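In what follows, a single structure is set out as structure tokens and then discussed.
Bear in mind that the values in this text are calculations on the coordinates, not laboratory data. Being a predicted model, the structure only gives us computed values, none of them experimental. Cβ coordinates were reconstructed from backbone atoms using ideal geometry, including for glycine residues, and neighbour counts include every protein chain displayed.
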Amino acid sequence: MTEQADPDTGVEGGGLDHGFDPAARLAEQRDRNLDRDLQPADCVAARARMAPDPRGNRPDYGDERLVFAANNYLGLAQDDRVVCAAQEAAESVGTGAGASRLVTGDTRLHRALERDIADAKGTERALLFSSGYAANVGTITALAPDVVFSDELNHASIIDGCRLSGAETVVYDHCDPNSLAEEMAARGIVGDGDEQCGADVQPDADEQRDADEQRDTDESWLVVTDSVFSMDGDVAPLAEICDVAERFGAWVMVDEAHATGLYDGGGIVQRDGLADRVQVQMGTLSKALASQGGYIAGSESLIEHVVNAARSFVFSTGLAPPAVGAAREALRIAREGDRREQLWDNVEYLRDGLTSLGYDVLGETQILPVLVGSRDDAVALADRIRDCGIVAPAIRPPTVPEGTSRIRIAPMATHTTAELDRCLDAFETAGLERGLL
Ligand code: PMP
């Protein structure tokens, strides 16, 4: 030890920065317009009564502003039944799990939710993690594939899982099974050329022979993709991706974070009837399921392996019981269907309204990205609709490509028609003022 350690923090160096200068790094990000701010905490509620506007402006709608960007798609985070389930779990089991599931943190409640998820997903087993992020990182590292084929727009937690796993990571073009097949063929991973599949890439006999010689059949290959992409609201062509993966002998892992609970209480894998072709279904409890935590669902042997090998599971405290109780009740309600119908009605209403105003609305799901173009227009539009009482963020580069800045709207099942109209009014006012319509 060269310097005295601070007795409170254990940090050595008594005020010296040792090369770390967070303020300078933040300033650098600000200069490049890449900084982010925390929003007032109650912004997640549907009818958020928010703290004073951070920019000191007074919104037109009194103190009330409506959030149109939460991932609480079914509006269940404020549902009495879900709130009660969280309270009951806290009262009967406690507010915290107290330890890793492998030590003393395992409860009947955790197991019950895992059974419910496995049932909704059509798998033998499911496993809870403390977040979706931890589920992706832990599972991909536990699988330790030799090669991962990853969609270019996959979520950061998938990217981090790939990096940490040490696998060779091959990025294929967004939602493009042909690009996936080409990348596999380029690595000598060539499947049965006679089989028909969604992709057009078929090896000729010589290529197949060369590839078979190169191919080490003990190698493991994993294809990983989001099902619903959060910034574009589009959906991966999962059946075609499975076709390619099967032809080339790879496993498929699907991140259903933005789809869980919205399709028959399951995700796109359920909608498309692919449960027996997708080896790992992953998702989060933090979006439509109104809680916190992540999960994977798959075979008994997969789950047993991950329980032993995923460091983010082994070395992390079990999910807090109120989060488990809330997610369990939310999943039950999601599977009933009424809330889902309300959500899809609202999505259609808003999409039609925005399109009639003259906006270009992307996506094919509950996520409605309103394409604006330039960063400045997107930021100005987001600011103006906020003044009109509507909260939805501007999404700018580098999150999305230059020239495709957008406002990402996500209606909830609980928005009323009057509230949807208020959102449309705000977009009309802001768009006309900015000369976008
Ligand atoms: N995957 C995707 C596609 C996501 O959008 C998110 C959350 N934004 C996650 C994983 C991580 O989930 P969680 O928030 O539960 O950590």
Computed for the stretch 80-336: size of charge dipole around the Cα centre, +1 on C-beta of each Lys and Arg, -1 on C-beta of each Asp and Glu, debye to nearest 20, value 1880 debye
Sum of side-chain charges, G403 neighbourhood, beta-carbon under 11 Å (Lys, Arg +1; Asp, Glu -1):
+1
With θ set to phi - 60° and the Karplus curve 6.51 cos²θ - 1.76 cosθ + 1.60, what are the ³J(HN,Hα) couplings of the stretch 339-355 in order, to the nearest whole Hz, using x for Gly and Pro?
4, 5, 4, 4, 4, 5, 4, 5, 4, 5, 4, 5, 4, 4, x, 5, 5
Residues whose built amide H sits under 5 Å from the amide H of V67, excluding neighbours closer than 5 in sequence, are A48, V391
Tell me, what ³J(HN,Hα) does each residue in the stretch 396-410 have, in order and in whole Hz, if you take phi through Karplus 6.51 cos²θ - 1.76 cosθ + 1.60 with θ = phi - 60° and put x for Gly and Pro?
10, x, x, 4, 10, x, 3, x, 10, 4, 8, 9, 9, 9, 9
Checking rank on 339-350, 103-114, with mean other Cβ inside 10 Å and highest first, the result is 339-350, 103-114
Nearest-20 debye value, the stretch 243-356 charge dipole, Cβ charges on Lys, Arg, Asp, Glu
360 debye
If the only charges are +1 at each Lys and Arg Cβ and -1 at each Asp and Glu Cβ, what is the size of the charge dipole of the stretch 100-176 around the Cα centre, to the nearest 20 debye?
580 debye
Other-chain or far-sequence residues with amide H under 5 Å of T169's (modelled H):
V148
Mean separation of Cα contacts under 8 Å (6+ apart) over length of the stretch 80-336, as relative contact order %:
32 percent
Could you work out the local net charge near V280, counting Lys and Arg as +1, Asp and Glu as -1, over the other residues with Cβ closer than 14 Å to its Cβ?
-4
With Cβ to Cβ distances under 12 Å as the rule, what net charge do the other residues near G325 carry (K, R +1; D, E -1)?
0
Taking amide hydrogens as modeled 1.01 Å from N in the peptide plane, which residues meet the under 5 Å criterion relative to G266, leaving out close sequence neighbours?
G261
Can you tell which of S165, A86, L289 lies farthest toward the positive end of the dipole of the stretch 80-336, using +1 and -1 charges on the Cβ of basic and acidic side chains (Lys, Arg; Asp, Glu)?
A86
